[in-house]
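Each remark here refers to the structure printed beneath this line.
Derivation of every value follows stated rules applied to the coordinates shown; laboratory data play no part. Predicted, not measured: the structure shown is a model, and the values here were computed from it. Reconstructed Cβ throughout: ideal geometry from the backbone, glycine too, with neighbour counts over all protein chains shown.
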């Protein structure tokens, strides 16, 4: 029996290979669309320096609210606003389960054709250039054991 008293955060997990079509659209996997169906509103896409992050609008609002809780005079917070938050764009999930990625957003994230959608167990997922993600995995793949060790230090059982 499920408890319905508290809203559930819908996380994104798994990897999916897709392509960006000639119009700049990418298909969202059914598993991700099912999670997105729990939210109202459009999606927010924002390049993070390596890939594109895709947020349901309510989760993006929560992130921005948390950042706005910080002092407006904190130089690092202002820099984050200029370099990260200012790149965010609102997009729609169309009836065919695709998202049109604006050209400048695709360029900032290095997305041309072959992409990998990566769910990291959070309230957003990432869209990587497939070759860039493969290189990232080659460079960091050996870090899984040290990552487990770090989780243990944080008290994750």
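Run the helix sum for the chain: -39,500 (n - 2.57) per DSSP H stretch of 4+ residues, divided by residue count, reported at 222 nm to the nearest 500 deg cm²/dmol.
On the way: 6 runs with 56 residues, N = 157.
Value at 222 nm, helices only: -10000 deg cm²/dmol.
Tell me the label-point distance for the pair residue 120, residue 86, using the 7 Å Cα-to-Cβ offset, in nm and rounded to one decimal.
It works out to 2.3 nm between the two label points.
What ratio of Cα Rg to 2.2 N^0.38 Å holds for the stretch 38-85? Please list the in-between numbers first.
Values: Rg = 11.9 Å, N = 48, 2.2 N^0.38 = 9.6 Å.
Taking N as the residue count of the stretch 38-85, the ratio is 1.24.
Which shape class applies to the stretch 37-122: rounded if a/c is under 1.5, otherwise prolate when a/b exceeds b/c and oblate if not, where a ≥ b ≥ c are the square roots of the Cα gyration tensor eigenvalues? Mind dumping the intermediate values first?
Numbers: a/c = 2.17, a/b = 1.42, b/c = 1.53.
Oblate, because a/c is 1.5 or more while a/b does not exceed b/c.
When the Debye formula is applied to the Cα atoms of the chain, each taken as the same point scatterer, what base-10 log of I(q)/I(0) results at q = 0.17 Å⁻¹?
For the requested q values the scattering log ratios are -1.14.
For the stretch 15-62, report the convex hull volume of the alpha-carbon atoms normalised per residue, in Å³, without decimals. Each step should come with its number before you reach the end.
On the way: hull volume 5.0 nm³, N = 48.
Residue-normalised Cα hull volume stands at 104 Å³.
Which whole-number percent gives the relative contact order of the stretch 12-130, counting Cα pairs below 8 Å spaced six or more residues apart?
Details: 209 pairs, mean separation 50.6, N = 119.
Answer for the stretch 12-130 is 43 percent.
Given R₀ = 22 Å, FRET efficiency for residue 72-residue 48 by Cβ-Cβ distance, to 0.05?
Numbers: r = 23 Å, r/R0 = 1.02.
It comes out at approximately 0.45.
If all Cα-Cα distances of the stretch 83-151 are sorted into 5 Å bins from 0 onward, what percent lands in each bin, rounded to whole numbers?
3, 12, 17, 24, 20, 10, 8, 4, 0
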